[in-house]
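Have a look at the structure below, then the notes.
The values are calculated or read from the model by the stated rules, or taken from the named source; none is laboratory data. Since the structure is predicted, the reported quantities are computational estimates derived from the model, not experimental observations. Please note: Cβ atoms are built from the backbone with ideal geometry, for glycine as well, and neighbour counts cover all protein chains shown. Heavy atoms of the whole protein, side chains included, go into the accessibility calculation; ligands, DNA and RNA do not. Shrake-Rupley method; radii C 1.70, N 1.55, O 1.52, S 1.80 Å.
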Amino acid sequence: MGNGNLTASHFFVTGDPLIYSADAAIILSVLSILFFLTRCHKWGWLWREWITSVDHKKIGIMYMIAAMLMLFRGGVDALLMRTQLALPNLQFLRAQHYDEIFTTHGTIMILFMAMPLMFALFNIVVPLQIGARDVAYPFLNAVSFWLFFFGAMLFNLSFVIGGSPDAGWLAYPPLSETAFSPGPGENFYIWGIQISGIGSLATGINFVATILKMRAPGMKLMRMPLFAWSVLSSSIVIIFAFPVLTITLALLFIDRFAGAHFFGMTGGANPMMYVNLIWMWGHPEVYIVVLPAFGVFSEVVSTFAKKRIFGYKSMVFSMLIISVLSFFTWVHHFFTMGAGADVNAFFAVTTMAIAIPTGVKVFNWLFTLYRGRITMASPMLWTISFIPAFVVGGATGVMLAVAPADYQYHNSYFLIAHFHQVLIGGVVFGYFAGLYYWWPKMFGFQLDERLGKWAFWLWNIGFYVCFMPQYALGFMGMTRRVYTYGWDLGWAPLNFVSTVGAFLMGAGFVFQVWQILYSIRHGRRDLTGDPWNGRTLEWSMPSPAPYYNFAQIPQVKDRDAWWMEKQQMPEEGRGNTAVKYEPIHMPKNSGIPFVMAVFWFIAGFGFTFHWIALGIAGLAGVGMSLLARSFQYKMEYEIPVEEIQRVEASMGRIG
């Protein structure tokens, strides 16, 4: 690859029946979509309503759909791995294919599933919750989404073209250097993450500006909903962490592309420098994705216990403390590197310290539930299930933070069990709670509770059946990334049980898809805009919210603004107050974000294969897109009062 001698037989991934099956499925899916769009004359609708949209709600929905597709892809990877490990000496996957799958599984689940699912909730909820009409930079928001999308597509393209990366989800050198990974797989990894990472950084900047500058009048910082606080905390971490990732991957690409010596084993290079840098981003990344889940739990607990959240200020300061401490824990990922007792002791203490603000929040949620009138709907079920999962994950995290003991746990299945306990039990369960909670606000109907409970129990039973045996396997000496093992090691029974658990979670996902499809036709329509008797401003408007969000920007007088307003408002008077509307200025749609992201994709594809002319052409297209945007002067339009009245009347907001 490094010399550019690429033959056609190396361009497409060949020789594996599983890949051929996936190729056929992808081609059939794409053809079906193209046929549907053409047959139903939906191309114009797709372009006008979605591809060029800068509406934060639509961008949030697109993030969500992309994240669910990536959850499917990453989940299939997981099931393939668990099938391979179910019994000793299986040859279900080839060793090389197994290496590729554990690499893509980790990368996809963290960067292309958890991140977009988080951004989906950012976009769908935050502007509505703080009383804004959109985010601070709607155009940049669209750029962020399309950069994420095409970055993810570039990464996933390696599945069928060129070959997938196989050096682990963090691409440690020297394995990820050209000498050991000469194919394009690692280049796909670098450019896919770089392109989507630019979008993630821009999203962090956008939501810091949105939350600090666009809150409704009267919504002081300490009146802000806790979900908005969690988004602010997470976005601050994004702004400081993602540039580290960008620089690290840029240096790795220079090593691979130009033969430099930053991270290799020769010419004075130092692979441990890469390990330090990647974890300076990597550990804060865990908190980037889990902080918003804490915000979701706070909203759900308060709403379904029908109480104000206990210890609001301590919740705020806990999230901010976590966002700071998250930058002082990265070395605990490699205590065994031999940094010395003083360095290990410092990072062991900081790692344990971060458990304190995390524990504060758990106690606050429990105290909020105490004597609350609790409703056990789907969002609450997922929230309750998070607490034991995260307590176990947190306790095993503290065990890993004990530096001397880490020499036993390091790289074992104990570690695998721990971070899945935290990331699935904390992040995935949290975002599921958020999706069930805000689903009526997104689409105007509720998801079927009966099917939702099937999905919930399959996920949760499968979760413990899958990961609890892995703690024991770690103690028994099973290390991560092993491809197969012998009968004599005694690992077979626990591995088989763990595989059964993984398939139960897969069945839970199938039930969720069924639940969505069933509810589209049969789900209960939300005619109130407030199906959960909510407390924050997003529940003060119809479901789904009109494209301008608020006909009048609300005035906030206290925390839980909508709840307080409902207490002071007679039932029959809600939504029928006579108001004087004024014209609303909204941002115009634009096709430039999509076109610019396509050019980024072209540039990334060109540099992945060392086709320099194509790469430069792509970058030139990016430059021209920016230039075209700089000559756009009419970027807003005005919604007249008559149009606002018509929309409000159609939703029953005025008589």
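Can you find, among 605, 364, 334, the residue farthest towards the positive end of the dipole of the chain? Put +1 on the C-beta of Lys and Arg, -1 on that of Asp and Glu.
Going by the charge dipole, the pick is 364.
Kirkwood Rh over alpha-carbon pairs of the chain, then Stokes-Einstein at 20 °C and 1.002 mPa s: what D in µm² s⁻¹, rounded to an integer?
In µm²/s, the coefficient is 83.
Which of the lysines could be linked to residue 42 by a straight reach, that is with a Cα gap under 24 Å, when you skip same-chain ones fewer than 8 residues away?
Here the lysines satisfying the reach criterion relative to residue 42 are 57, 58, 588.
Mind checking the alpha-carbon convex hull of region 27-106 and giving the volume per residue in Å³?
122
Could you please state how large a percent of the accessible area of region 61-182 is carbon and sulfur, counting protein chains only and using a 1.4 Å probe?
76
Could you tell me which chymotrypsin sites (Phe, Trp or Tyr not before Pro) in region 158-219 are loop residues by DSSP with no more than 15 other beta carbons within 10 angstrom of their beta carbon?
Passing sites in region 158-219 are 180.
Once Rh is set to the Kirkwood radius over Cα pairs, what Stokes-Einstein translational diffusion coefficient, in µm²/s, holds for region 384-453 at a temperature of 37 °C and a viscosity of 0.692 mPa s?
Here the translational diffusion coefficient equals 236 µm²/s.
Excluding residues on the same chain fewer than 8 positions from residue 306, give the lysines whose Cα lies under 16 Å from its Cα.
Once the sequence-local lysines are set aside, what remains near residue 306 is 566.
Given a 1.4 Å probe and the protein chains all in place, what does the accessible area of residue 342 round to, in Å² to the nearest 10?
The accessible area of residue 342 comes to roughly 110 Å².
Residue separation times 0.36 nm, minus the C-alpha to C-alpha distance between residue 260 and residue 464: what's the value?
Between residue 260 and residue 464, full extension yields an extra 68.9 nm.
Averaged per residue, what accessible area in Å² does the chain show with a 1.4 Å probe, protein chains only?
Ligands and nucleic acids excluded, the result is 41 Å² per residue.
Rounded to the nearest 10 Å², what accessible area does residue 356 show when all protein chains are kept and the probe is 1.4 Å?
It works out to around 110 Å².
How large a share of the accessible area of region 447-601, in percent, is made up of carbon and sulfur atoms when the probe is 1.4 Å and the other protein chains stay in place?
64
Which order do you get for 41, 97 if you rank them by accessible area with a 1.4 Å probe, largest at the top?
41, 97
Compute the signed sum of charges (Lys and Arg +1, Asp and Glu -1) over the other residues within less than 12 Å, Cβ to Cβ, of residue 189.
With Lys, Arg at +1 and Asp, Glu at -1, the net is -2.
5 Å is the cut-off here: which amide hydrogens, built 1.01 Å from N in the peptide plane, fall below it relative to residue 135, excluding neighbours closer than 5 in sequence?
Counting only residues 5 or more places away or on other chains, the set is 56.
Compute the angle between helix 56-85 and the longest alpha-carbon principal axis of the chain, please, reported from 0 to 90 degrees and rounded to the nearest 10.
Long axis of 56-85 versus the principal axis of the chain: about 30 degrees.
Please report, in whole Å³, the volume per residue of the convex hull around the C-alpha atoms of region 476-556.
Spelled out: Cα convex hull of region 476-556, divided by residues, is 230 Å³.
Taking trypsin sites (Lys or Arg not before Pro) as candidate sites, keep only those in a DSSP loop with at most 11 other Cβ atoms within 10 Å, then name the longest stretch of the chain containing none of them.
Of all site-free stretches, the longest is 1-219.
What do you get for the angle between helix 115-129 and the principal long axis of the chain? Use alpha-carbon atoms, 0 to 90 degrees, nearest ten.
Relative to the chain, helix 115-129 is tipped by roughly 10 degrees.
With every protein chain kept in the model, how would you rank 175, 447 by accessible area, 1.4 Å probe, largest at the top?
Heavy-atom accessible area, descending, gives 175, 447.
Rounding to the nearest 20 debye, state how big the charge dipole of the chain is about its Cα centre with +1 on each Lys and Arg Cβ and -1 on each Asp and Glu Cβ.
1660
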